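To start, the structure itself, in structure tokens.
The values are calculated or read from the model by the stated rules, or taken from the named source; none is laboratory data. Owing to the predicted nature of the structure, the values given are computational and were not obtained by experimental measurement. With ideal geometry, Cβ positions are generated from the backbone for all residues, glycine too; neighbour counts draw on all protein chains shown.
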Amino acid sequence: MTNQIQNPNVKSIQKLWGGNFSKLPSQKIIDFTSGWDVKLKKPYDERLIPYDIAVNLAHCKMLAKQGIISQTIAGKLIKGLNEIKKLYNQGKFKLDPAKEDAHTNVEAYLIEKYGIDIGGRLHTARSRNDQIACDMRLYLKDANNKIVQDLSKLIAVLSKLKVKHNKVQAPGFTHHRPAVLTTLGVIFDSFKQSVKRDQDRFKSWLKIYDKSPLGSVTGYGTSFNIDRKFTAKELGFAQAEENTLDPITNRGEDATALAFNIAMLMKHLSQLAQTLILWSMPQFNYARLPDQFCTGSSIMPHKKNPDVLEIIKAKTAMAFGALNSLLIINSSNLIGYNRDTQWTKYLIMDLIDETDPAISVISDLLVLIRINKKDLAIACQRDNLDITFKMEREIRQNGQSLREVKRKIEQTLTNN
């Protein structure tokens, strides 16, 4: 085998562009723009391990409280579950692919440690149906709450931009054509209002789905004297589900509702992204994007491309597709559990992974965006942007009808 000789004067190439950038993108932005090109996705159930441990702990305590298992057995199971939790936090609890899913991995650890007479009691009065439904509900709650927090930052950034540029005139567009004069304050406030509605939708999601499905079993309850209110409180839910069959038949509905909210949010972020892309084009030059939120070309040395904003638009399309798939999976099911609803887990997890960084990325970009007031002022002097307001002033002064004045001005424009 021939050894390769490295030239000490040649540095290792990490990127094929960037020599003309004043500041290069952070690793967070590189990850956002490169997607899964050179990264592996972690197993889906790996995300659920901490939630599964929490659900198991709550269920175990409830079994002991109700006298279904002894306090001694419960103590051993709780000790074992806390060991798994510690190993997971240390990165040492790995899922064995031979053991089907995270739930099997956790239970197998306990059985291997204590034997089936002890470890095999944890699943008493429970099915994987309500177990995974509860795991997922906790996962979705955390994802939902993070989005609410991230949106607070974006709303604050847009509020500051509104105040900072409140009186800066800008062309208002309809049909992708200059229409009337407006201000950047109006525009930034418009985006602020849309994401405030989004935040309200996520808050409403929590009010609807902050209920524990644990104890539903396969949908029809159990003959054991369980306490669903106790486990709901242990897990931080507002209450237990009122009916045991509903959350099993409609497993994945909570994910679908969250996906709808994400899709609406991404729609608004896509509109904001497209506006910033056009504003930053040389033909407009209303704004300049910060270098660290752009990428370059592998061949054209002058390019600074708005890839971050373009990717937000692409992720919006993915969100719409995921929502459509979730809606279809959640339809036409007979009462009770249907295995096809398990695939809602993969769709919502992919959707959250893809879109989660978008809010903070666009917030950070907006903090550093530079507004070109000079070119905006020039643009406001073109294309008769003030003519509608002049028409309205003439109507007020002369007392004529709008149609009379509008026709007269239209004829003037035609003659010119």
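What's the number of the only condition in (1) modelled with pLDDT of 80 or more; (2) farther than 30 Å from Leu289 by Cβ that Gln4 fails to meet?
The single condition Gln4 does not satisfy is (1).
Please pick out the residue among Arg137, Arg121 that is outside any helix (DSSP H, G or I) and touching a residue at least 12 places away in the same chain (Cβ under 8 Å).
Every option except Arg121 fails the conditions.
Given the conditions (1) closer than 25 Å to Ile30 by Cβ; (2) at pLDDT 85 or above; (3) not in a helix (DSSP H, G or I), report the number of the one that Ala319 does not fulfil.
(3)
Show the residue pairs that are 6+ apart or on different chains and have beta-carbon atoms under 6 Å apart, the first residue being within segment 286-313 and in contact (Cβ under 8 Å) with a residue 60 or more places away in the chain, the second being basic (Lys, Arg) and buried (at least 19 other Cβ atoms within 10 Å of the Cβ).
Qualifying pairs under 6 Å: Cys294/Lys304.
Yes or no, residue by residue, for (1) in contact with a Pro (Cβ under 8 Å, 6 or more places away or on another chain); (2) surrounded by 11 or more Cβ atoms within 10 Å (Cβ to Cβ); (3) farther than 30 Å from Asp142 by Cα:
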{"residue": "Ile359", "(1), (2), (3)": "no, yes, no"}
{"residue": "Leu365", "(1), (2), (3)": "yes, yes, no"}
{"residue": "Lys373", "(1), (2), (3)": "no, yes, yes"}
{"residue": "Glu392", "(1), (2), (3)": "no, yes, yes"}
{"residue": "Gln397", "(1), (2), (3)": "no, no, yes"}
{"residue": "Lys408", "(1), (2), (3)": "no, yes, yes"}
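If I ask for residues that are more than 24 Å from Ser332 (Cβ to Cβ) and not aliphatic (A, V, I, L, M), which ones from segment 243-267 would you list? Please lay out each step first, then the result.
Within segment 243-267, the first condition is being more than 24 Å from Ser332 (Cβ to Cβ), and the residues that meet it are 264-267.
Selection gives Lys267 alone.
Of the numbered conditions (1) small (Gly, Ala, Ser); (2) in contact with a Cys (Cβ under 6 Å, 6 or more places away or on another chain); (3) surrounded by fewer than 12 Cβ atoms within 10 Å (Cβ to Cβ), Ala74 fails exactly one; give the number of that condition.
It is condition (3) that Ala74 fails.
Looking only at residues that are hydrophobic (A, V, I, L, M, F, W, C) and in contact with a Lys or Arg (Cβ under 7 Å, 6 or more places away or on another chain) in segment 271-291, which one is farthest from Ser194 (Cα to Cα)?
Going through segment 271-291, the residues hydrophobic (A, V, I, L, M, F, W, C) turn out to be 272-273, 276-279, 281, 284, 287, 289.
Now restrict to residues that are in contact with a Lys or Arg (Cβ under 7 Å, 6 or more places away or on another chain): 273, 287.
Values: Ala273: 14, Ala287: 21 Å.
Here the answer is Ala287.
Out of Asp45, Asp52, report the one residue that is at pLDDT 95 or above and over 30 Å from Ser363 (Cβ atoms).
Going through Asp45, Asp52 in turn, the sole match is Asp52.
For segment 211-298, please list each of the helices (runs of 4 or more DSSP H) lying entirely inside it that holds at least 3 residues being under 30 Å from Leu309 (Cβ atoms), assigned by TED's automatic domain parsing to the domain that holds Leu326 and within 26 Å of the chain's Cα centre (by Cα).
Hits in segment 211-298: 253-280.
Looking for something hydrophobic (A, V, I, L, M, F, W, C), surrounded by fewer than 20 Cβ atoms within 10 Å (Cβ to Cβ) and at negative phi - is there at least one such residue anywhere in segment 102-110? Let's see the steps before the verdict.
Taking segment 102-110 first, the residues hydrophobic (A, V, I, L, M, F, W, C) are 102, 106, 108, 110.
Then drop every residue that is not surrounded by fewer than 20 Cβ atoms within 10 Å (Cβ to Cβ), which leaves 108.
Subsequent filtering for residues that are at negative phi retains 108.
The answer is yes, given that some residue of segment 102-110 is hydrophobic (A, V, I, L, M, F, W, C), surrounded by fewer than 20 Cβ atoms within 10 Å (Cβ to Cβ) and at negative phi.
Would you pick out the residues in segment 341-375 that are within 22 Å of Phe284 (Cα to Cα) and over 16 Å from the mean Cα position of the chain (by Cα)?
Leu365, Leu366, Val367, Leu368, Ile369, Arg370, Ile371, Asn372, Lys373, Lys374, Asp375
Just need a number here: residues in segment 261-312 that are basic (Lys, Arg) and buried (at least 17 other Cβ atoms within 10 Å of the Cβ).
1
Considering each residue of segment 110-129, count those that are hydroxyl-bearing (Ser, Thr, Tyr) and over 26 Å from Ile248 (Cβ atoms), and give that number.
Our first condition is that a residue be hydroxyl-bearing (Ser, Thr, Tyr); within segment 110-129, this holds for 114, 124, 127.
So of that shortlist, the ones also over 26 Å from Ile248 (Cβ atoms) come out as 114.
Result for segment 110-129: 1.
Which of the numbered conditions does Ala58 fail, given that it passes all the others? Conditions: (1) under 29 Å from Asp142 (Cα atoms); (2) surrounded by 15 or more Cβ atoms within 10 Å (Cβ to Cβ); (3) touching a Leu at 6+ places or on another chain (Cβ under 8 Å); (4) modelled with pLDDT under 95.
(4)
Would you point out the residue of segment 145-182, among those that are under 21 Å from Leu366 (Cα atoms) and among the basic types (Lys, Arg), that is surrounded by the most Cβ atoms within 10 Å (Cβ to Cβ)?
Among those that are under 21 Å from Leu366 (Cα atoms) and among the basic types (Lys, Arg), it is Lys162.
Take Asp189 and decide whether it is within 30 Å of Glu242 (Cα to Cα) and part of a helix (DSSP H, G or I). Full working, then the answer.
Working: within 30 Å of Glu242 (Cα to Cα): no; part of a helix (DSSP H, G or I): yes.
Spelling it out, it is not the case that Asp189 is within 30 Å of Glu242 (Cα to Cα) and part of a helix (DSSP H, G or I).
Do we find that Asp340 is in contact with a strand residue (DSSP E or B) (Cβ under 6 Å, 6 or more places away or on another chain) and either closer than 30 Å to Ile248 by Cβ or surrounded by fewer than 20 Cβ atoms within 10 Å (Cβ to Cβ) (or both) in this structure?
Considered against the rule, which asks whether it is in contact with a strand residue (DSSP E or B) (Cβ under 6 Å, 6 or more places away or on another chain) and either closer than 30 Å to Ile248 by Cβ or surrounded by fewer than 20 Cβ atoms within 10 Å (Cβ to Cβ) (or both), Asp340 comes out as no.
Just a yes or no: is a residue in segment 248-258 among the polar types (S, T, N, Q) and either free of Cβ contacts under 8 Å to residues at least 40 places away in the same chain or touching a Ser or Thr at 6+ places or on another chain (Cβ under 6 Å) (or both)?
No, there is no match, as no residue in segment 248-258 is among the polar types (S, T, N, Q) and either free of Cβ contacts under 8 Å to residues at least 40 places away in the same chain or touching a Ser or Thr at 6+ places or on another chain (Cβ under 6 Å) (or both).
Any residue at all in segment 50-68 that's free of Cβ contacts under 8 Å to residues at least 60 places away in the same chain, in a helix (DSSP H, G or I) and within 22 Å of the chain's Cα centre (by Cα)?
So far as segment 50-68 goes, yes, one or more of its residues are free of Cβ contacts under 8 Å to residues at least 60 places away in the same chain, in a helix (DSSP H, G or I) and within 22 Å of the chain's Cα centre (by Cα).
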